[in-house]
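Just below is one structure, and these are the notes that go with it.
The values are calculated or read from the model by the stated rules, or taken from the named source; none is laboratory data. Here the structure is a predicted model, which is why all the values come from computation and not from measurement. No Cβ is skipped: glycine too gets one built from the backbone with ideal geometry, and neighbour counts run over all protein chains shown. Quick note on the areas: whole protein, heavy atoms, side chains included, nothing else; ligands and nucleic acids left out. Shrake-Rupley method; radii C 1.70, N 1.55, O 1.52, S 1.80 Å.
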Amino acid sequence: MKLIFLGAPGTGKGTQASVLAEKYNIPQISTGDILRKAVAEGSELGQKAKAIMESGGLVSDDIIIGLIRERLAQPDCKPGYILDGFPRTIAQAESLDKLLAAQGGIDAVIYFDVAEDEIVRRLTSRRTCSQCGYNYNMISDPPPTDNTCEKCGGDIIQRDDDKEETVRHRLVVYNEKTAPLVDYYKKQNKLYTIDAARDVKKVRQDIINLYEKLAA
Ligand code: AP5
């Protein structure tokens with residue numbers, strides 16, 4: 001199954017994608033994670049992306065489309081995948097359609113619907129493992145008191161782009177560049193909306209039910 005998780009920052013795409021990917025043994029492809037790794041390694045890509053990411057803007061379509069083309073060609077993508085944080089512009093969605101044309105395109109787009117106030121609350125209280133990327137939350141899923149990740153022992157930090165001012169800018173960018181994808185996929189009859197403002201387990205169960213229905 002080839003899925004897109006679409007939604008504003010902080011709606012829970014990464015949280016749900018990691019569990020679903022493990023359950024169905026398909027890769028979670030997060031462009032944000034790929035870029036953060038490149039920044040941490042100081043690669044050419046990382047150097048280009050760093051300042052843009054810190055400001056809450058979008059990395060250029062050319063770079064992102066190149067990354068995705070390379071990633072989807074890898075053998076672990078054969079049985080399907082979850083695209084988490086891609087596409088984020090109409091140009092990216094059109095490129096993906098072209099890339100997947102021979103395979104009938106993407107199977108479904110799950111849209112995570114959450115109000116902006118809740119998004120700001122979630123992102124400003126998010127804490128992330130600098131090593132494995134696991135997301136904690138000071139309100140709903142607090143990290144251990146010594147700030148050491150219980151999954152891998154890495155240091156737990158606050159992402160630079162999770163400061164309130166940057167979160168608000170990311171939402172402006174989302175509304176301008178990414179929100180039009182809701183209509184784009186509605187027109188393709190591929191959009192499924194999930195009320196993602198409920199607790200993590202309820203959201204997860206809805207997504208599992210939908211996945212099983214689509215896979216049947
Ligand atoms: P990226 O890493 O993709 O960030 P994002 O889309 O802004 O997504 P987030 O990771 O912030 O949110 P999420 O929906 O995954 O929420 P999460 O599950 O963590 O991108 C970062 C940057 O990279 C971009 O700004 C851009 O610069 C660049 N970039 C990436 N992709 C790009 C592209 N395609 N094109 C151009 N540039 C690109 O949850 C958030 C918090 O809420 C967590 O603390 C979690 O524990 C908590 N939580 C989750 N679900 C619930 C729930 N149901 N109830 C309560 N709390 C919850």
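A few points about this structure:
- Looking only at residues in the range 75-85 that are assigned to a loop (DSSP other than H, G, I, E, B) and touching a residue at least 40 places away in the same chain (Cβ under 8 Å), the one that is nearest to residue 180 (Cα to Cα) is 85.
- Of all residues in the range 151-169 being more than 8 Å from the ligand (Cβ to nearest atom) and of a type in the set (D, E, K, R), the one that is nearest to residue 28 (Cα to Cα): 151
- Within the range 97-122, if we keep just the residues that are within 10 Å of the ligand (Cβ to nearest atom) and either in contact with a strand residue (DSSP E or B) (Cβ under 8 Å, 6 or more places away or on another chain) or charged (D, E, K, R) (or both), the residue that is nearest to residue 6 (Cα to Cα) turns out to be 112.
- Taking residues in the range 110-132 that are without any contact (Cβ under 8 Å) to a residue 24 or more places away in the chain and more than 30 Å from residue 212 (Cβ to Cβ), and partners anywhere that are assigned to a helix (DSSP H, G or I) and not hydrophobic (A, V, I, L, M, F, W, C), the pairs with Cβ atoms closer than 9 Å and at least 6 places apart or on different chains are 125/162.
- Condition met for residue 93 (among the aliphatic types (A, V, I, L, M), closer than 26 Å to residue 207 by Cα, surrounded by 13 or more Cβ atoms within 10 Å (Cβ to Cβ) and within 11 Å of the ligand (Cβ to nearest atom)): yes
- Tally of residues being open to solvent by 40 Å² or more (accessible area, probe 1.4 Å), over 18 Å from the mean Cα position of the chain (by Cα) and closer than 21 Å to residue 83 by Cβ across the range 100-123: 4
- Residue within the range 124-132 that is charged (D, E, K, R), surrounded by fewer than 19 Cβ atoms within 10 Å (Cβ to Cβ) and either more than 8 Å from the ligand (Cβ to nearest atom) or not in a helix (DSSP H, G or I) (or both) present: no
- Residue that is farthest from the ligand (Cβ to nearest atom) [pool: residues in the range 133-150 that are among the charged types (D, E, K, R) and over 20 Å from the mean Cα position of the chain (by Cα)]: 146
- For the range 204-216, filtered to residues that are open to solvent by 90 Å² or more (accessible area, probe 1.4 Å) and in a helix (DSSP H, G or I), the residue that is nearest to residue 54 (Cα to Cα) is 205.
- Residue 88 vs. criteria within 30 Å of residue 215 (Cα to Cα), assigned to a loop (DSSP other than H, G, I, E, B) and modelled with pLDDT of 95 or more: yes
- Residues that are of a type outside the set (Phe, Trp, Tyr), within 11 Å of the ligand (Cβ to nearest atom) and open to solvent by less than 80 Å² (accessible area, probe 1.4 Å), drawn from the range 170-203: 170, 171, 173, 178, 181, 194, 195, 196, 197, 198, 200, 203
- Of the residues contained in the range 43-50, none is found to be over 15 Å from residue 159 (Cβ atoms) and within 14 Å of the chain's Cα centre (by Cα).
- Entirely in the range 1-74, the helices (runs of 4 or more DSSP H) that have 1 or more residues that are near the ligand (Cβ under 7 Å from one of its atoms) and open to solvent by 50 Å² or more (accessible area, probe 1.4 Å): 13-24, 31-41, 44-55
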